[in-house]
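The next block holds one structure in the form of structure tokens; read it before the comments.
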Amino acid sequence: MKPRVVLMSCSDKEEGERLAKLIVKKRLASCVNIIPLVYSFFWWENKQQETQEAMLIAKSSEEKWEELMQFIKENHSYECPEIISFEPSQVFLPYLRWWEKELT
């Protein structure tokens, strides 16, 4: 299994909690952390935007990527949700074993 860390922003902590619980329940991630308040500055529909959001950090895998992305697209309030995956270069081995075990 190839571990992936997936970042997702969402409208607020409540949406983040709803998504996190479902993602873990479906074993699309072994763990989801929520940073309840981040300030985002971006362009959307030709306008500069500023908003407060929550950030989710999911511990998933390359093998779960497509299913996780589809789940987020279907259950997220945003038209174009931020979904970014990256491969960690190093993970504490006992934690990695737990991470992988919980995805099965």
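The values are calculated or read from the model by the stated rules, or taken from the named source; none is laboratory data. As the structure is a prediction and not an experimental result, all values here were calculated from the model. Virtual Cβ from ideal backbone geometry, glycine too; neighbours counted across all protein chains shown. With ligands, DNA and RNA removed, areas are computed over all heavy atoms of the protein, side chains included. Shrake-Rupley method; radii C 1.70, N 1.55, O 1.52, S 1.80 Å.
Numbers at a glance
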quantity: Every residue from region 32-63 that is open to solvent by 50 Å² or more (accessible area, probe 1.4 Å), in a strand (DSSP E or B) and of a type in the set (D, E); calculated: E50
quantity: Selection within region 64-101 - farther than 19 Å from R18 by Cβ, of a type in the set (A, V, I, L, M) and outside any helix (DSSP H, G or I); calculated: I84, V91
quantity: Residue match in region 9-31 (condition: surrounded by 15 or more Cβ atoms within 10 Å (Cβ to Cβ), assigned to a strand (DSSP E or B) and aliphatic (A, V, I, L, M)); calculated: no
quantity: For M55: the one exception among (1) out of contact with any Gly (no Cβ under 9 Å at 6 or more places or on another chain); (2) touching a residue at least 12 places away in the same chain (Cβ under 8 Å); calculated: (1)
quantity: Pairs, first closer than 14 Å to A58 by Cβ in region 73-95, second open to solvent by 80 Å² or more (accessible area, probe 1.4 Å) and not in a helix (DSSP H, G or I), C-beta under 7 Å, six or more apart; calculated: E87/K2
quantity: Unmet criterion (only one of (1) outside any strand (DSSP E or B); (2) of a type outside the set (A, V, I, L, M); (3) at pLDDT 95 or above) for T104; calculated: (3)
